[in-house]
Structure formats: structure tokens, C-alpha cells
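The next block holds one structure in the form of C-alpha cells; read it before the comments.
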Amino acid sequence: MAHDVSSFSGRLLAYLDMLLVDHGLFRVIYNNLYALPGGLYRSSQPSPGQIRKYQRKLGIKTIINLRGADDTRRYALEAEECRRLGITLVDFKGILSRSAPELVHVQRAREMFDSIEYPALIHCKSGADRAGFAAALYRLFRLNEPVQEALCELSWKYGHLKGSKTGILDYFFEEYLAANAREPIEFMTWLSTVYNRDQLKQAFHTRGWADFLVDKVLHRE
């Protein structure tokens with residue numbers, strides 16, 4: 001169902017949904033915004049006001065929404081603001097914060113980074129996990145950096161906790177680094193010929209305290 005956010009009441013309900021249901025009150029204070037080389041920025045879910053500010057100050061032409069299109073009022077606000085400002089909204093669904101990546105979504109991300117118009121902003125809910133993984137892929141594919149350097153995007157600095165279920169994103173890259181250390185292999189070759197998603201999920205283990213913090217305290221997706 002598409003929500004109408006053009007009326008006063010519809011917009012009020014949408015803002016209440018964004019601020020209270022989606023925990024947007026915290027993001028008003030701190031939006032986890034960071035710049036990468038080459039015109040990409042990463043952040044948590046932006047409000048309409050933050051979208052306007054980022055377009056004005058950073059010249060944002062594309063917003064990549066890693067949460068995907070949905071029927072929430074929060075999404076309706078973002079989509080409406082992008083339409084109003086002439087910003088291209090890319091709804092990219094497939095990168096998960098608590099599961100091993102799928103080959104097809106990594107390939108799609110590579111194609112996306114080559115096709116969008118920059119400067120661009122990429123976001124998930126909190127800007128810590130999915131945004132971090134996507135930013136690492138950007139460094140790999142767009143900036144041609146090695147995996148070891150790209151891993152800097154998955155850091156506690158952005159609120160990413162390696163000991164929680166979201167640490168499977170680090171583990172994914174670490175498995176590649178281990179395979180490459182044994183016998184040099186290009187990342188995409190490893191991904192398409194060696195990588196076993198089910199085995200990686202079974203081998204990964206978390207720490208309970210980190211899961212509690214991420215799931216119950218921080219309310220991450």
C-alpha cells in the first residue's frame with residue numbers, strides 16, 4: 001500500500017513513524033555520515049531534512065537505499081523527497097546484515113557502482129552494517145583497493161560490532177583473505193568458484209553479549 005505523505009495528516013503520521021517506530025529520533029542527533037573517496041557518502045537512514053541538506057552541501061545526485069522499497073511511511077517520505085529534489089533513488093535489496101552475502105547481490109552491487117551518478121549517498125537503517133559492507137564493495141570495485149584495506153568500512157567507528165551476528169560480513173572477507181594467503185586468487189574468481197555460502201554460515205559463531213547489544217539495545221535491522 002502506497003502512503004500519501006502530501007497531506008498534513010499523512011506527513012505527520014509519516015514523521016511519527018520515522019521518528020518513533022523506526023528509531024529516527026537518534027538519527028536526528030547523529031546520522032553516521034562519512035565520506036569515501038570518489039564521491040560516495042555512507043550514512044544511516046536520512047530524514048527529508050537531511051536529504052535536503054546533503055543535496056545542498058554535498059551535491060548528492062543519487063541515493064542508494066539498502067533497505068529496499070517497502071510500504072512504510074518512512075520509505076514514502078524518502079521517495080517523495082527524492083522525487084521533489086530530482087535525486088535518483090536506487091532501491092537495492094539483497095545485502096543482509098546477519099547472513100552471508102550471495103554472489104548475485106555482490107555482482108549487482110559492482111554493476112550499480114559503475115552505473116550510478118555521483119556524488120551519491122548509500123544508507124541502511126543505522127549506517128553500520130549493510131552500509132559498511134556496501135562501502136567495502138565500493139572500495140573494492142570502484143576504487144580498486146585490496147580487500148584488507150576495504151575492510152576498514154566494517155569498523156566499530158561506524159557502530160559495527162564484529163562479535164555480533166553482523167560479524168559474518170567481516171568473516172566473509174576474512175575467508176577470502178585466508179584463501180588468498182594459501183594460494184593467490186582474485187576476489188571475484190574466489191567468489192564464483194570457491195566460496196560456499198552455506199559452509200560459511202555454519203562456520204561462523206557470535207558472542208552473546210554483542211548480539212544482545214545489537215538486537216535489543218541498538219535495535220538494528
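In which sequence would Ile122, Ile29 go, from the one with the fewest C-beta neighbours within 10 Å to the one with the most?
Ile29, Ile122
Determine, at each q value in 0.11, 0.16 (inverse angstroms), the log₁₀ of I(q)/I(0) that the Debye formula gives when each Cα of the chain is one equal point scatterer.
Calculated log10 I(q)/I(0) at the listed q: -0.55, -1.11.
Among Lys93/Lys162; Lys61/Lys201; Lys57/Lys162; Lys57/Lys157; Lys61/Lys162, which pairs are too far apart, with a Cα-Cα distance over 25 Å?
Lys61/Lys201; Lys57/Lys162; Lys61/Lys162
Can you give me the angle between helix 48-58 and the longest principal axis of the chain, using Cα atoms only, in degrees from 0 to 90, rounded to the nearest 10?
For 48-58 against the chain, the angle is about 70 degrees.
Please give the length that would be gained between Arg56 and Lys157 if that part of the chain were fully extended, namely 0.36 nm times their separation in residues minus their C-alpha to C-alpha distance (nm, one decimal).
That works out to 33.8 nm of additional length.
Could you check which residue among Gly94, Gly127, Gly49 shows the biggest mean-square fluctuation in a GNM of the chain with a 10 Å Cα cutoff?
Highest fluctuation of the listed residues: Gly49.
Sequence gap at least 6, Cα distance under 8 Å: using those rules, report the relative contact order of segment 8-217 to the nearest whole percent. Can you show the working numbers first?
Working: 296 pairs, mean separation 44.2, N = 210.
Relative contact order comes out at 21 percent.
Relative to the longest principal axis of the C-alpha atoms of the chain, give the angle of the C-alpha long axis of helix 130-141, reported between 0 and 90° and rounded to the nearest 10°.
60
Around Asp91, which amide H atoms from residues at least 5 apart in sequence, or from another chain, sit under 5 Å from its own amide H, with H modelled in the peptide plane?
Result for Asp91 returns Asn65.
Where a ≥ b ≥ c are the square roots of the eigenvalues of the C-alpha gyration tensor, would you call segment 38-109 rounded, which needs a/c under 1.5, or, failing that, prolate if a/b is larger than b/c, or oblate? Write out the running numbers ahead of the final one.
Details: a/c = 2.21, a/b = 1.53, b/c = 1.44.
It is prolate, given that a/c is not under 1.5 and a/b is the larger ratio.
Restricting to DSSP H runs of at least four residues, report the calculated mean residue ellipticity at 222 nm for the chain, -39500 (n - 2.57) per run over all residues, nearest 500 deg cm²/dmol.
Computed mean residue ellipticity for the chain: -13000 deg cm²/dmol.
Antiparallel versus total DSSP beta bridges in the chain: what percent is that, nearest 5?
DSSP beta bridges in the chain are roughly 20 percent antiparallel.
Using the alpha-carbon atoms, what tilt in degrees (0 to 90, nearest 10) does helix 73-85 show relative to the longest principal axis of the chain?
Taking Cα atoms only, the helix is inclined about 80 degrees.
Can you give me the orientation-averaged projected area of the convex hull built on the Cα atoms of segment 69-139, in nm²?
5.3
Every number in this text was worked out from the coordinates using simple rules, so none of it is lab data. Everything numeric here is computed off the predicted structure, so don't read it as measured data. Virtual Cβ from ideal backbone geometry, glycine too; neighbours counted across all protein chains shown.
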